[in-house]
Structures are given as C-alpha cells and as structure tokens.
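Laboratory data are not the source of any read-out in this text; all were calculated from the coordinates shown. If you're wondering where the values come from, they're calculated on a predicted model, not measured in any experiment. Note that each Cβ is placed from the backbone with ideal geometry, even for glycine, and that neighbours are counted across all protein chains shown.
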C-alpha cells in the first residue's frame, strides 16, 4: 500500500541523528520535558475568533438577538435571562457564533461558562466538558435524580458558578433530560435562586434533528407524561427555549436532506479535482482536506504526496509496536519530517490533543541505544493546528 516508502535510498541513507541535533536538549530528555510541562495551561481568553467568510443572515440574527439582550438594563436581564437554542449542521458556523457571543458578553463585563458534552467539542470552542464544569461524578447505579438529591455543590464549584452570567452548552444533542435538570439544580444552588438555571442565561447549541437517545438518560424530545417528575422537569426546561435560530450552510443543508438542486450540483462538480484549474489546485487547495471513498485511494494519494516532496521517511511495521492486538489488522505507519498526521485517540482533552486533531511531524528522535529503521522513535515532535494548546518547544 505504501510500496517502497521507508526502503528507498534516501530513506536508508538519511542521518536522523543529525536532524535531532537542531532540537534543544530538553527534547531529547523527553520524559523530564513531559513531566515539567504537565502543569502548563492555556489562557482561552486570548483565543482569537476566526471567520473565513462574511456572517450569514442566520449568524447575524443570533448576534443581533444577543446584543439586543445585552442592551437591556441589568435588572431586566436578571428577571428574564436569555434562553436561546441555536440549531445547525456541520459547517454552518456554530463554533464561530459561540466565540462571537462570548466576546459580546465579555465586552460587557459578563462571565461566560463554555461547555460541551464531549472533550473534542469542548476544546474546539475553548471550553470544558459539562462533567468537568459541574464536577459530575461517575454514575454507577444511580440515576440523575438520585445523584442530584445527594450532591451538594462544593465551595470550589459554588465560586466557579456563582458569577456565571452565561452558560453555553454545545453538542446538546448528546444531553438528556436528567442531566439538563441536574445542571439546572446545581446552578440554582450556586446562585441561591430558584428560577430556572438560577440567574444565568443559557444558550443551547447543536444539530437537534440528529439527536440519538443519550446513554443512561431520557432524550429531550420524549413525551414527558411517560416519566417521573424529575425527567418531566428536564424536558420542560428544554421546551422552555422558545427562541430558536437555525444556522444553514445551504449546500450542506440541502445535501443532508437530499434536496440538492442544479446550483448545488454545479458547485460540487466545480470541486472535482479533474475540473479544478491546476494552478488553483496547487495554491488554494494545496492543504485542504480531501475525501476518498476507499482507504486504498487515500493511501495512494498520501504516497504520491510523499514522493513528490522527496522527503525521507521511516516505515514502522506493526511488529515493532509492543502489545499490539491483532497485528494483522493494522497498517504500517509512515513517518518523516513534514508528514501530516492525525490523532486517533484522546491523549489530553484539556489541551486539545483529542481524536481528529491534525498536525505536521517536525522531528523524530531516538535514544542513543536505538537505531532508526529498526526501532520506533522515542519522541515524535508534532506541530499541531492552532486549536491545540499544549506543552510546546520554541525552536529558532
């Protein structure tokens, strides 16, 4: 599948140890570096929102709604907090809208708590998971009602939530009625106010039509009459979000609903590689993500790119990886300086090292007793995309 990659003359004769000499000593003493930088954190307040195209009408509507609320006197905001449901498919600009909303609240001196149901989703919007934000313990035999009854917010949690003016919950499609009511109760206790979610405004974000039943909970769209009062209250909280704005990226929206028209087809055909001008393909689409129907086609394209760049690489066979189950099911891994890689498991969700994070290999390091080509690297230095904030090497 990768042919002779890792076995070419340029691969066999490349001096990998000479490459490693340009990196600081701290890289080679990697275990000390990792231990030292485990306590580093990222200041999400300094994150810069990015929008690659002008806001759509629906995005503008969201921001107008938020600004209209923020223009109200404080007593009106406390009496009637903002309850907004933002619905959008992938590519509709939900993450950008969230960043703009947080910026608007921050500009008015208000505090936002940005959360999501999963680690990768929370990282993309510069937030934390709901379990982290609300100190949710691991559910064993309890249900959400039992957990709520026996959970008293700690002083640390109270100090964290007491001054929250806005709670944003992304990927709300993974949230159940029990969990939503648990969040409501925690905010009520921390704000010492019995109105829904305390004094906090709440914005739910997600692709609502795609909700699947949440694990160990009741879906928000269920008939409340079939459940106990705790679940009924959770569903009622969700139904209380009357202000709904749908973000639509027209092409993706139409594709999803199998309602594509002549213009959509024209746009899709214009993106076929054979129909794109070679100069545009080389420049504007050089680093874009490509979609292949089969893995063999993906591997062939990756091999072609490596050959075109002329970069030396190593090929790590599965037999070199200790404790690999069912080795015959794994493919060799081709690595080299400049090769693009993607994480396939969560390593550190707080810093963005989550499944799907993409980066470029900048260096491979081996311990003195190991041999490139025979042993797997001791250290792989990867420059991840800007949304990943972890321990880093500044190398001039």
Handout entry: R0 of 22 Å, Cβ-Cβ distance residue 17-residue 360: FRET efficiency to nearest 0.05
Key = 0.55
Handout entry: Gain upon complete extension [residue 368, residue 267; 0.36 nm per residue less C-alpha separation]
Key = 31.0 nm
Handout entry: Separation in nanometres of the label points that stand 7 Å from Cα toward Cβ, at residue 341 and residue 149
Key = 5.0
Handout entry: Where labels lie 7 Å past Cα in the beta-carbon direction, separation of residue 288 and residue 228 in nm
Key = 5.3
Practice task
At 25 °C and 0.890 mPa s, grab the translational diffusion coefficient of the stretch 57-250 from Stokes-Einstein with a Kirkwood Rh over Cα pairs, rounded to a whole number in µm² per second.
Solution key: 145
Practice task
Taking each pair of different alpha-carbon atoms in the stretch 64-168 once, compute 1/r for the pair, average those values, and report the inverse of that mean as the Kirkwood hydrodynamic radius in Å to one decimal.
Solution key: 15.7
Exercise for the section: Based on the mean of other Cβ atoms within 10 Å per residue, sort peptides 111-117, 235-241 so the most packed one is first. Expected result: 111-117, 235-241
Exercise for the section: Summarise the long-distance tail of P(r) for the stretch 78-132 by giving the % of C-alpha pairs beyond 17 Å. Expected result: 44
